[in-house]
Amino acid sequence: MDKYLSGRTGIAVATVLVVTILMILLVPGAFAGPDYVWGVASAAKATEPEYDGYWKYCVSFGWDFSDYAGGPHGASHVSLVLELEECIADCGEACFVFPDTVGTGVGVEGCGIRFYAEFDVWGDPTIPPDMPTVKFERYPEACESDIAGSGTVCFYSLFPPKAGDSEGASVWIKFGPYVEQGLVTGPLPSCKGTTSVGNSTWGSIKRLFK
């Protein structure tokens, strides 16, 4: 009897494994998590006289937390994480320049959000990556961000875009007590074309900006 039950159990387990493998092969998105955050970037040489020598980057991003397991919350701020650890010291505080208002978005009941930006060389403390980050925050005014929305922001950088196809960069959105990561595709600032920082460590680079 024990051998019979053991055999039945083994067959059941094998059946479950086969079904699971078939679902993964035939339905690629069956076990994929939902896309809560996403974005697309573009780049061009700045044409404004006050930004001569800079590249202009624009990022359109979106979010939707209406089905989030922890409960729906409006977006707090957006953080774009860039892999610039090896060259960030080359241009100092001039690496990035931001207008007073870098862009707009859609908030509750279609109201207009206005964003400002800042560059955090040692990262945004509210998200996991400890890397150079451009953070976009909304002005504290009447328009509140909604659980689903979108926005477009533009900023200027001395760093040129990466040549060829970009693998994208991580974008994080904080909403309520939660944070979620997505991917921004398209050209973004890179270390290409800048002078190497040689043997400088990431810790010593951070100290230059504190």
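Please go through the range 121-143 and pick out each residue that is surrounded by fewer than 20 Cβ atoms within 10 Å (Cβ to Cβ) and closer than 14 Å to Ser170 by Cα.
Gly123, Pro128, Pro129, Asp130 - these are the residues of the range 121-143 that are surrounded by fewer than 20 Cβ atoms within 10 Å (Cβ to Cβ) and closer than 14 Å to Ser170 by Cα.
List the number of the failed condition for Ile24; all other conditions in (1) modelled with pLDDT under 60; (2) exposed (fewer than 10 other Cβ atoms within 10 Å of the Cβ); (3) more than 27 Å from Asp146 (Cα to Cα) hold.
Status for Ile24: all satisfied but (2).
The values are calculated or read from the model by the stated rules, or taken from the named source; none is laboratory data. The structure displayed is predicted, hence computed values, not measured ones. A quick note on method: Cβ atoms are made from the backbone with ideal geometry, for glycine too, and the neighbour counts reach across all protein chains shown.
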